[in-house]
Amino acid sequence: QVQPVESGGGLVQAGGSLGLSCAASVGTFTNHAVGWFRQAPGKEREFVSAISWSGEQLYYADSVKGRFTISRDNAKNTVFLQMNSLKPDDTARYYCAARTLFTSRDPSAYHFWGQGTQVTVSS
């Protein structure tokens, strides 16, 4: 139904910025909430941010508040995650996921997942 594809990951110095994009390569994000999650080696997947279909409701994990910004351009069928003031602890593989209607912080609530994009922050 919907196939998210992430892009924009890479290696960045601590304090720097990266912008991640999530596009629906198959289907559309119409009426879908979209979330960003990340997973570092040896750790469980954790919630980062989420956005409602309208873009009116934005949610952030406490660890990224004030540093990350989620947005979406429904005309381009794309969701963005702007990451500023990056820290080594932000190093992880970042995943985009979508679910119909309601936003959630729970990864199990999302049924469409991308392959992830690696973000590495050096000290």
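Taking 15 Å as the cut-off, the amide N atoms of the range 97-123 that come nearer than this to a point 7 Å along the Cα-to-beta-carbon line of Ser7 belong to 115-118. Applying the Karplus relation 6.51 cos²θ - 1.76 cosθ + 1.60 with θ = phi - 60° to the range 69-84 yields 3J(HN,Hα) values of 9, 9, 8, 8, 10, 5, 5, 9, 6, 9, 10, 10, 10, 8, 10, 10 Hz, where x marks Gly and Pro. In the elastic network of the chain, a GNM with C-alpha springs shorter than 10 Å, the most mobile of Arg99, Arg38, Arg67 is Arg67. Taking 15 Å as the straight-line reach from the Cα of Lys65, the aspartates and glutamates in range (excluding those fewer than 8 positions away in the same chain) are Glu46, Asp89, Asp90.
About its Cα centre, the chain has a charge dipole of approximately 60 debye under the convention of +1 per Lys or Arg Cβ and -1 per Asp or Glu Cβ, with nothing else charged. Select from the range 69-123 those chymotrypsin sites (Phe, Trp or Tyr not before Pro) which occupy a DSSP coil region and have at most 13 other Cβ atoms within 10 Å, ordered by residue number. Passing sites in the range 69-123 are Phe102. Gain on full extension, evaluated as 0.36 nm per residue between Phe102 and Ser85 minus their Cα-Cα distance, stands at 3.2 nm. Per residue, the solvent-accessible area of the chain (1.4 Å probe, heavy atoms of protein chains only, all protein chains present) comes to 49 Å².
Could you pull out which residues in the range 78-118 have an amide N less than 16 Å from a spot 7 Å beyond the Cα of Val26, following the Cα-Cβ vector? Answer for this model: 97-99, 111-116. Cut-off 10 angstrom, C-alpha nodes, Gaussian network model of the chain. Which of Ala24, Ala97, Ala75 fluctuates the most? With Cα springs under 10 Å in the chain, the top fluctuation among Ala24, Ala97, Ala75 is at Ala75.
The values are calculated or read from the model by the stated rules, or taken from the named source; none is laboratory data. Every value quoted in this text rests on a predicted model; they were computed, and no experiment measured them. All Cβ positions, glycine included, derive from the backbone under ideal geometry; neighbour counts span all protein chains shown. Ligands, DNA and RNA are excluded from the accessible area calculation, which covers all protein heavy atoms including side chains. Shrake-Rupley method; radii C 1.70, N 1.55, O 1.52, S 1.80 Å.
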